[in-house]
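The values are calculated or read from the model by the stated rules, or taken from the named source; none is laboratory data. Owing to the predicted nature of the structure, the values given are computational and were not obtained by experimental measurement. Quick reminder, even Gly has a Cβ in these numbers, built from the backbone with ideal geometry, and neighbours come from all protein chains shown. Protein only, heavy atoms only, side chains kept; ligands, DNA and RNA dropped before computing areas. Shrake-Rupley method; radii C 1.70, N 1.55, O 1.52, S 1.80 Å.
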Amino acid sequence: MHVTAIIAAGGSGRRLGASVPKQLLDVGGRTLLQRSIDAFRTHPAIGDVIVAVPADLLAPPPPWLDGVRGVRLVAGGERRQDSVANAFASVAENVEIVLVHDAARPFVTSDVISRAIHGAIAHGAAIVALPVSDTVKRVAFEGTAGGDGVIVETLPREQIFLAQTPQAFRREVLGAAIAAGRSAEAATDEATLAERAGHRVYVVAGDPENLKITTAADLTRARGRAPSVAGAAGRVGVGYDLHRLVAGRPLVLGGVIVPSDRGALGHSDADVICHAVTDAILGAATAGDIGQHYPDTDPRWKGASSVALLQEVVGLVRGRGLAIENVDVVVILERPKIGPHRDAIRSRLADALGIDAGRVSVKGKTNEGVDAVGRGEAIAAHAVALLTRA
Ligand code: MG
């Protein structure tokens, strides 16, 4: 049985007040769309995943979406049903079951997907849905819009279900639904179109955790419960920095002023250790780099304390549910020797990182007189950081 999943991510909705479409918002280090794609891509029954995205995302696609095995991108359409129709047009010939999922439901589980597939195999069309526990009223609004509604009737709640996705169909059933949707008014799901096309659509058990992210409150809730970006093994990041050494500047290393006849030249205090560690932490969190967060063209960072910037970045990754496990630094300069200042630097860095100095290592090297660093014209630092789930 060949099964394909279509992910409807064609909307460019910015209702959540963000600068990017909803499906590209970050939840726990991955976008809503990535989470939805991964759920289907890793399901053992599913072959292809076809994602309908806004046309402007296709040229070029973001790197995390480009060339992912088993994932194909198509341009979305005006309405949801148009996006799904575009995706359906590229479903392979031998596929018998097609699922449609909404990218705004990032927490769909493998079990939920399996139930939808089995429902479609048994009945031709099945959606995952939730029973309601509240009493359900049908309400009418009189007079001006936005006024109070009046109850018309109380519906038998055992007959009421809340539709989720995925919705699964035998290929010909979804084909008929899409045909019915072409000239019809906008529908909010494919089951509606299949019903209109005269097909019986069955309901299988949904999952209360299979949230749809619609409002800012949903997004906050989703971020609170999303598994953090760190897996069990944690995440490692690497950082590197180099600055020229010139007379008349203090040499600031890890927030400590090291006595020297020359110091590092830079827009900020040019602290190579802090800059390398900051980039290592940002890298481990896949949160960009120091240049993106603190561009050296921005007058706010002129003469800035790099320890303060480091502390800000530590706050940023903590906010993503990550903790710093340890940091290791190699600083390369000809003179002065780092050794006598090592413990002061470790302790200052540990304070900035909010961890024990026992988790911070600083090692000094020379460049053996080779290259600019060896001639004493520059100082460089390498750092690695390991982040774990807080
Ligand atoms: Mg730098």
Checking Arg225 against (1) open to solvent by 70 Å² or more (accessible area, probe 1.4 Å); (2) more than 30 Å from Leu32 (Cα to Cα); (3) more than 10 Å from the ligand (Cβ to nearest atom): exactly one of these is not met. Which one?
(2)
Cβ contacts < 6 Å: first residue outside the structural domain of Ala270 (by TED's automatic domain parsing), restricted to region 369-380; second residue surrounded by 15 or more Cβ atoms within 10 Å (Cβ to Cβ), any location; separation 6+ or different chain. Result?
none
Can you tell which of Pro63, Pro21, Pro54 is closer than 30 Å to Thr388 by Cβ and in the same structural domain as Leu174 (by TED's automatic domain parsing)?
Pro63
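Of all residues in region 258-293, which are polar (S, T, N, Q), farther than 19 Å from Asp328 by Cβ and assigned to a helix (DSSP H, G or I)?
Of everything in region 258-293, just one residue is polar (S, T, N, Q), farther than 19 Å from Asp328 by Cβ and assigned to a helix (DSSP H, G or I), namely Gln292.
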When you scan region 145-164, do you find a residue that is crowded, with 16+ Cβ neighbours inside 10 Å and either more than 34 Å from the chain's Cα centre (by Cα) or among the polar types (S, T, N, Q) (or both), even just one?
yes
Taking region 315-325, which residues are in contact with a strand residue (DSSP E or B) (Cβ under 7 Å, 6 or more places away or on another chain) and open to solvent by less than 60 Å² (accessible area, probe 1.4 Å)?
Val317, Gly321, Leu322, Ala323, Ile324
Here's a check for you: in region 235-261, which residue that is touching a helix residue (DSSP H, G or I) at 6+ places or on another chain (Cβ under 8 Å), open to solvent by less than 20 Å² (accessible area, probe 1.4 Å) and not β-branched (Val, Ile, Thr) is farthest from Ile273 (Cα to Cα)?
Gly237
Tell me, please, whether a residue that is β-branched (Val, Ile, Thr), more than 20 Å from the chain's Cα centre (by Cα), surrounded by 20 or more Cβ atoms within 10 Å (Cβ to Cβ) and not in a loop (DSSP other than H, G, I, E, B) can be found in region 15-35.
no
Per the list (1) more than 30 Å from Gly149 (Cα to Cα); (2) open to solvent by 60 Å² or more (accessible area, probe 1.4 Å); (3) among the charged types (D, E, K, R), residue check on Lys137 breaks on (1)
Between a first residue in region 289-305 that is in contact (Cβ under 8 Å) with a residue 24 or more places away in the chain and a second residue that is open to solvent by less than 40 Å² (accessible area, probe 1.4 Å) and aliphatic (A, V, I, L, M), which pairs have beta carbons less than 6 Å apart while being 6 or more apart in sequence or on different chains?
Tyr294/Leu309
Does any residue in region 267-284 that is in the same structural domain as Leu310 (by TED's automatic domain parsing) and near the ligand (Cβ under 9 Å from one of its atoms) come within less than 8 Å, Cβ to Cβ, of a residue that is aromatic (Phe, Trp, Tyr) and assigned to a loop (DSSP other than H, G, I, E, B) six or more places away or on a different chain, and which pairs are these?
Ser268/Tyr294
Scan of region 38-57 for residues that are free of Cβ contacts under 8 Å to residues at least 40 places away in the same chain and either under 11 Å from Ala5 (Cβ atoms) or in contact with a Leu (Cβ under 6 Å, 6 or more places away or on another chain) (or both), ordered by number
Arg41
So in region 113-130, with the set limited to residues that are within 19 Å of Leu211 (Cα to Cα) and in contact with a Phe, Trp or Tyr (Cβ under 9 Å, 6 or more places away or on another chain), which one is most open to solvent (accessible area, probe 1.4 Å)?
Leu130
Among the candidates Asp82, Asp111, residue that is assigned to a helix (DSSP H, G or I) and either farther than 29 Å from Glu185 by Cβ or aromatic (Phe, Trp, Tyr) (or both):
Asp111
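Quick one: would you say Leu322 is within 13 Å of the ligand (Cβ to nearest atom) and under 30 Å from the mean Cα position of the chain (by Cα)?
Here the answer is no, as Leu322 does not meet what is asked.
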Please state which of the following conditions Val68 fails to meet, knowing it meets all the rest: (1) modelled with pLDDT of 85 or more; (2) surrounded by fewer than 20 Cβ atoms within 10 Å (Cβ to Cβ); (3) within 16 Å of the chain's Cα centre (by Cα).
(1)
